[in-house]
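Engineer: Structure incoming, see below.
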Amino acid sequence: MNLLQMEIGKSVMPQDDLYLRQIPSFVGSMQQFYFNSKEIIQLAKTNSLPNLNITARFNSDTPMLRDTVTFKSKDAYVALPKLLARAQFSISFQFKTVESYGLLMYNGGQGQDFIAIELQDGYLHLLFNMGGGSQRVFVNTPQRLNDNQWHLVSVQRPGLEQMQIRVDDEHPTISDLTGSTSMHLDLTGYLYVGGVSKSMYNNMPYSSLHGFQGCMASVDFNGQRPNLVREALKIYYAVEEGCQGDDYKTICIPLSCVINCFIVSLYTCIDAVLVHIIKIS
Ligand SMILES: [Ca+2]
């Protein structure tokens, strides 16, 4: 097929076509419009398309949030069926946190195969191994992402030769996989979201020592949009629907406070003892 022109939302020449003349233009919002593995709206937004004609208004607000969940502790995680990712796949989600470190996603596989996404010092890292060695992609964003604002993450593998990850409106970080000795991600087991079980933080290909603490929304795997709470095969610990603001931030006891403070309630969170405290003095 040879396309001369593509029109999204409205035809600019409806008078030439009896059928198009009868169809009103689209009124509403659109996001993540992919054509030939290229995100067209994003390219238009950054003026990266030739001969572009735009009458739509770009909204820089946070994209709509869907199926928001809170991972209330660093031990909390959700297990879903494995990611179908052998040759092509897409992952997207939104997250919001004040924590600098945490494992966001992990799916292991045959041999050394795996894929993982983690926060390290506030920056996002994509890690994978298709059998030819572990690779770590540092996602170059202008600032740390643990700023308690929503961020949209999109990982795409449109074909065997390329993997790309993008955060918000930044340019995607692209991994050229041409010439790789192993080209297929052979995943098995669960797709873990928000973290993994405690025994899986030792001798693993990712650096995280605990899971993600914060909110996640709009999770999308290959166009499937699971509700993390309702559709999980396994939920460990505190994962709740909705985003509960700053309540999820870990409250730590300053040592000087242990003696002088009255502990109102106490509960363990495996990693640490969390307490609500009232200072007496
Ligand atoms: Ca493989």
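Laboratory data are not the source of any read-out in this text; all were calculated from the coordinates shown. It should be emphasised that the depicted structure is a prediction, and the values quoted were computed from it without experimental measurement. Neighbour counts are summed over all protein chains in view; Cβ atoms, including those assigned to glycine, are modelled from backbone coordinates with ideal geometry.
Engineer: Give me D67, D186, D17 ranked fewest to most by other Cβ atoms within 10 Å of their Cβ, as a rough exposure proxy. Walk me through the numbers on the way to the answer.
Structural biologist: Working: D67 19, D186 15, D17 11.
Least crowded to most crowded, the residues run D17, D186, D67.
Engineer: Another question, if that's okay. Once phi is turned into θ = phi - 60°, what whole-Hz ³J(HN,Hα) does the Karplus curve with 6.51, -1.76 and 1.60 give for every residue of segment 217-228, x standing for Gly and Pro?
Structural biologist: Values, residue by residue: 8, 6, 5, 9, 10, 6, x, 8, 10, x, 7, 4 Hz.
Engineer: Between segment 75-111 and segment 210-242, what is the C-alpha centre distance in whole Å?
Structural biologist: If we compute the Cα centre of each part, the gap is 10 Å.
Engineer: Let me check the size of segment 69-246 from its C-alpha atoms; what are the radius of gyration and Dmax in Å?
Structural biologist: Gyration radius and largest Cα-Cα distance of segment 69-246: 14.9, 46 Å.
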